[in-house]
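Data block below; observations after.
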Amino acid sequence: MGAKSDSKGCKWLSWFIVFVVLAIIAGAVALVLIKKKQNESDNEPAPVPGPPGPVTEKYSDALKTAMQFFDIQKSGKLVDNKISWRGDSGLNDGSDAKLDLSKGMYDAGDHMKFGLPMAFTASVLSWSILEYGDHLDKVDQLEEAQDSLKWITDFLVNAHPKDNVLYIQVGDPNADHKCWNRPEDMTEKRPLTQVNTSAPGTEVAAETAAAMASASLVFKKSNPTYSDSLLKHAKQLFTFANENRGSYSESIPDVQKFYNSTGYGDELLWAAGWLYHATGDKTYLDFVTGDDGQEFAEFDKPSWFSWDNKLAGAQVLLSRLTFFGGSKDNSVLQKYKKTAEAVICGLLPKSPTATSSRTKNGMIFISEWNALQHPVASAFLAVVYSDYMLSSRTAKITCNGDSFKPADIRKFAVSQVEYVLGDNPMKMSFLVGYGDKYPKYVHHRGASIPADAKPSCSDGFKYFKSSDPNPNVATGALVGGPFLNGTYNDVRDNAMQGEPTTYNSALIVGLLSSLVTTSSVVESFTS
């Protein structure tokens, strides 16, 4: 009996071993097949989005909110004024030079018109319309965006009365900052500042050229005469900027205290990139791919996109030419694309090259002053690049060996906008007027003074010092933002965190426009 029992046990054990071995082999084969399928999936491009799809209502509401800040910042005769507490202002701006510089927009919470950030605002707004005009149209904001853009470009056209003369500032910032009153009640002098061949300002002239070239594309079909005028000014300004090189921070030292420039090479590349898209003139392509490109592009050195530094924006913009423009064999354009990818890789939190410059909650953090500019700008570039990938059937980018799909890049952008809209330690929306909790003491003169009050320059400081919330809501203002630890002190004299800017608004409008729905981007701005 015992021998038979042992025999049965041995047979059972043998079959068990065979089963285990077969299971291991089957598992290994399955693992190989799964891995192969996964690799095939990684190399398979995501579907190209069709016409605009369903609208994300949250982002639609935020976009409509953000658009309103442009109306708040307008100078001049306000036709069809939509802001009850705003009125006509700056009507005599430019009269000293017999020019009409009444339009344009105030840069922040004061009454200054600074040309460099204003032109950047126009460039970004143009780019947003060109890439996502169908998104804006889907939520009835396209006409609003075009009207806001033209309000700026009308000013820029008038600020360029001669080929080599550009007015780049209206108002005395030192005198202006000694006042706290409504723009409608300004009485201080509004001197003009210009750049010319004797006092060059390459960065501001080139940025203005970029603004006009990009805007010429926006109005190419709807207003061809105006578009032609903008393009003419853009060409003249680029020539002026390039042939009379010099920083306006050196020519006009007073600007260093307000919008100091760290260099002009980025603006020259940015402007040439836009002019090539607008004209197809190979001269501009030669500029970005020739000696000037080699000198200024800082290839393989990722940078941050802002009113002062356009390199990352220029790199993403020029990558269009390799995604869609039949320029894949151009080795220098490939360098722009490679550097743009390095920018994107630095943003993705799971990338081996991810930047450590972010809060513990994941918001990109570069500067205490106007902290939100960089995360919003970065997120905008990220979505634009991911949409180039989708529309060109590019499956992935590689960051030091790790692969990331367009969906991964878009996920990063969503994380930044969600932080702005309330998913942050303060549980506060930094977009004024959006959500239940947002800053109530925004550092903004017009918002802080009752519309029926008429304080003089100095008398208005009683409203600045008031402990009451602003009587007027600066709807759509994107404030400076939180500190590295996520805190935000909502008091009126906290300009570092609480002052909104028009160029921040252009960036958040661009970002929200990109996310409000999905569609393929156009392959050419001129088709």
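The values are calculated or read from the model by the stated rules, or taken from the named source; none is laboratory data. Everything numeric in this text was worked out from a predicted model, so none of it was measured. Heads up, the Cβs are rebuilt from the backbone with ideal geometry, glycines too, and the neighbour counts pull from every protein chain shown. Accessible surface is based on the protein model in full, side chains and every heavy atom, while ligands, DNA and RNA are left aside. Shrake-Rupley method; radii C 1.70, N 1.55, O 1.52, S 1.80 Å.
Summary table below
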| item | result |
| --- | --- |
| Near pairs, Cβ below 9 angstrom, 6+ apart or cross-chain, from segment 383-408 (closer than 18 Å to Val521 by Cα) to any residue that is of a type in the set (D, E, K, R) and modelled with pLDDT under 95 | Ser391/Glu523; Ser392/Glu523; Ala395/Asp42; Ala395/Glu44; Lys396/Asp42; Lys405/Asp42 |
| Selection from segment 240-249 of residues that are touching a helix residue (DSSP H, G or I) at 6+ places or on another chain (Cβ under 9 Å) and not aliphatic (A, V, I, L, M) | Phe240, Asn242, Asn244, Arg245, Gly246, Ser247, Tyr248, Ser249 |
| Single residue of segment 416-440 satisfying the filter (touching a residue at least 24 places away in the same chain (Cβ under 8 Å) and either touching a Cys at 6+ places or on another chain (Cβ under 6 Å) or assigned to a helix (DSSP H, G or I) (or both)) that is farthest from Leu348 (Cα to Cα) | Leu421 |
| Residue within segment 484-500 that is crowded, with 22+ Cβ neighbours inside 10 Å and out of contact with any His (no Cβ under 7 Å at 6 or more places or on another chain) present | yes |
| Single match in Lys360, Lys350, Lys328 (criterion: touching a strand residue (DSSP E or B) at 6+ places or on another chain (Cβ under 9 Å) and part of a loop (DSSP other than H, G, I, E, B)) | Lys350 |
| Conditions (1) touching a residue at least 60 places away in the same chain (Cβ under 8 Å); (2) open to solvent by 10 Å² or more (accessible area, probe 1.4 Å); number of the one not met by Ala413 | (2) |
| Test for Asn504: is it crowded, with 19+ Cβ neighbours inside 10 Å, touching a helix residue (DSSP H, G or I) at 6+ places or on another chain (Cβ under 8 Å), in contact (Cβ under 8 Å) with a residue 60 or more places away in the chain and in a loop (DSSP other than H, G, I, E, B) | no |
| Residue list for segment 322-344, filter: open to solvent by less than 10 Å² (accessible area, probe 1.4 Å) and of a type outside the set (Val, Ile, Thr) | Leu333, Tyr336, Ala340 |
| Leu317, sole failed condition from (1) under 30 Å from Gly480 (Cβ atoms); (2) of a type outside the set (Lys, Arg); (3) surrounded by 18 or more Cβ atoms within 10 Å (Cβ to Cβ); (4) more than 19 Å from the chain's Cα centre (by Cα) | (4) |
| Test: Thr283 is at negative phi, open to solvent by 30 Å² or more (accessible area, probe 1.4 Å), of a type outside the set (Asp, Glu) and not in a helix (DSSP H, G or I) | no |
| Residue list for segment 41-70, filter: under 13 Å from Ser514 (Cα atoms) and of a type in the set (Phe, Trp, Tyr) | Tyr59 |
| Odd one out for Lys360 among (1) open to solvent by 10 Å² or more (accessible area, probe 1.4 Å); (2) at pLDDT 95 or above; (3) under 30 Å from Lys427 (Cα atoms) | (2) |
| Matching option when the condition is open to solvent by less than 60 Å² (accessible area, probe 1.4 Å) and assigned to a loop (DSSP other than H, G, I, E, B), among Ala199, Ala209, Ala205 | Ala199 |
| All positions within segment 441-461 that are open to solvent by 40 Å² or more (accessible area, probe 1.4 Å) and not in a loop (DSSP other than H, G, I, E, B) | Phe461 |
| Hey, Ala241 crowded, with 18+ Cβ neighbours inside 10 Å and touching a residue at least 60 places away in the same chain (Cβ under 8 Å) or not | no |
| Every residue from segment 462-484 that is part of a helix (DSSP H, G or I) and touching a residue at least 24 places away in the same chain (Cβ under 8 Å) | Tyr463, Phe464 |
| Verdict on Glu131 being free of Cβ contacts under 8 Å to residues at least 12 places away in the same chain and under 28 Å from Tyr385 (Cβ atoms) | no |
| Residue list for segment 230-288, restricted to those being of a type in the set (Val, Ile, Thr) and closer than 30 Å to Ala175 by Cα | Ile252, Val255, Thr262 |
